Every structure is written in structure tokens, then in C-alpha cells.
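Below is one structure, written out as C-alpha cells, with a few remarks after it.
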Amino acid sequence: MGWALYRWVYARFLGITPDALGDLLISTVLAYLLAWKLSPALFDPGLLRTPAALLMTSGGDRGGWVGGIAAALVAWRQCRKHRLPLLAALSAALFVVLPALALASLLVVRYGTPTTLPWGIAVEGGQLAYHPVHLYRAAVFGAAWLLLHSRRTHLPAWPPVRDAVLLVIAGWFAVSLVEPIVAPVFGLSRSQWTLLAAALALAAVDAWHGRKTRRQAPRQEQRPTAKQGEQAP
């Protein structure tokens, strides 16, 4: 669904052909899946002695973050290799990934903490209702995609991408508050600490981009002035 949306709607805004984006996404997805599948060995090196057990072990949420880091590094490398504008490639990837994540969240049911809210989901045969975490996540990813879609004519630009990523981080953190915390670290789950680290990284990138933009602004203002001075005589 995300691929079709990009191919027919967004490709003309970003200047990256669907074929080039396809090569980038295939490499990124393969890196994510490989890192996710092998990630349990990082937390339990003993699994390397029994490869069959490693293949049967799920990467889980921690593996998802390991896969995300590996995918980001591969995507950065592919952009440099094929000389793709990084910001345009990131915008294009978000248009494909966000709808895919929203759909995947709808298909995989996840239960949160017990709730008395009317939209709580009861386990078959149980008396308690639980927060539908999968629906909350789907709403977060869908909202981020709608935000990016509403500002598509401004792409590729940093502010729309920053706002969409910030919405995903903030929304995901809010959803994590109604999820059970296993082995908390200073009162927060590992996923929550990772999201906070992602927010700090986004703030650092935003500050770097702001400084870079302010440095380039005087140079852009001086160029027309020089041309006018040459035409004056």
C-alpha cells in the first residue's frame, strides 16, 4: 500500500524514481530483518553455540531497535553510494514505511494494561479488558503519515520530516505508558529509554540543521548582490 502511494502520488514531489527507492528499501529491509533475527545473540551470546535455537528465538522489541539502527546505517550508506539526496530519500521512505507500519500494527494484536474504557479489548474467556495497544500504534503511524501528506508540497524539507518523526516518537512513548513494563530501569522500560534517546538524537539533528541553514543564508543573499553589481556599470 505504501509503495503504491509513493509511486502514484508522491514520486513527483521528491524527485526520486520508484526504482531507485525500491533498491534503497530492499537493502534497508533486508538489513533490518537480518539484524532483528540475529539480535538475541547480542543479549545472550550462548545462543551462538546452538544456531537452531537462535533461529527459533524471536528478536522481540529489543531486536526491533537493533534492526532499526542497522537499517538506518545501511540506508545512509546506500544514499551515499547512489548519490541520493538524504532528505528526499528519508521523506520517500517515510511515505512508504508509515502506512506499512500502520497496517502491520492493525494485523498484530497487542494487549496493554487493564482498562475500564469502552474500547478496551477482552481476552476470550477473561473478565478484564485491556488497552488495544496495536490500535493506538496504528493511530500514531497513521497520524504521522497524514501530517506528512498534508505538507507534501513543501518536501523535501526538514521541518515536515522532523515533525512527522517527532509525532511518532511522542505518540509511541504515550502508548508505552499503557503497556506492561518488564524489568524497569529507573522506573522506565527499555523501549521508553530508547525513545527518549531517539528524541534527544532528533533534537541534536535539528540543532545541527538549524546552524547549517543559518550559515548558508548569508551566502545565498550575497550572490544576487554580486550579480547586480556586475550589471550596474
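What spacing in nm lies between the two simple spin-label points modelled at THR113 and VAL205, each 7 Å away from Cα in the Cβ direction?
For THR113 paired with VAL205, the spin-label model returns 3.1 nm.
Within a Cβ distance under 15 Å of ALA170, other residues only, what is the Lys/Arg minus Asp/Glu net charge? Let's see the in-between values first.
Details: positive: ARG137, ARG162; negative: ASP163, ASP206.
Net local charge, ALA170 excluded: 0.
Can you give the translational diffusion coefficient of region 73-160 in µm²/s, computed by Stokes-Einstein from the Kirkwood radius over Cα pairs at 25 °C and 0.890 mPa s?
Numbers: Rh = 15.3 Å.
Taking Rh from Cα pairs, D becomes 160 µm²/s.
Considering only protein heavy atoms, with the full assembly of protein chains and a 1.4 angstrom probe, order PHE173, PHE141, PHE43 by accessible area, largest first. Don't skip to the answer; put the middle values down first.
Details: PHE173 55, PHE141 10, PHE43 100 Å².
Solvent-accessible surface, decreasing: PHE43, PHE173, PHE141.
Roughly how many whole Å is it from the C-alpha centroid of region 150-211 to that of region 31-54?
27
Taking a cut-off of 26 Å, what percent of all Cα-Cα pairs in region 10-155 are separated by more than that? Walk me through the numbers before you get to the answer.
Details: 4515 of 10585 pairs.
The proportion of pairs with Cα distances above 26 Å equals 43 percent.
Can you tell me the FRET efficiency between ARG77 and ALA52 if r is taken as the Cβ-Cβ distance and R0 is 35 Å, rounded to the nearest 0.05?
Working: r = 31 Å, r/R0 = 0.90.
With R0 = 35 Å, the Cβ-Cβ based efficiency is 0.65.
Please list 84-96, 47-59, 160-172, 203-215 highest first by mean number of surrounding beta-carbon atoms within 10 Å per residue. Kindly include the intermediate steps, with their values, before the conclusion.
Working: 84-96: 20.9, 47-59: 12.8, 160-172: 19.1, 203-215: 11.2.
Listed from highest to lowest mean packing, they are 84-96, 160-172, 47-59, 203-215.
The values are calculated or read from the model by the stated rules, or taken from the named source; none is laboratory data. Just so we're clear, the structure is a prediction, and the values are computed from it rather than from any experiment. Neighbour counts run over all protein chains shown; Cβ positions are idealised from the backbone, glycine included. With ligands, DNA and RNA removed, areas are computed over all heavy atoms of the protein, side chains included. Shrake-Rupley method; radii C 1.70, N 1.55, O 1.52, S 1.80 Å.
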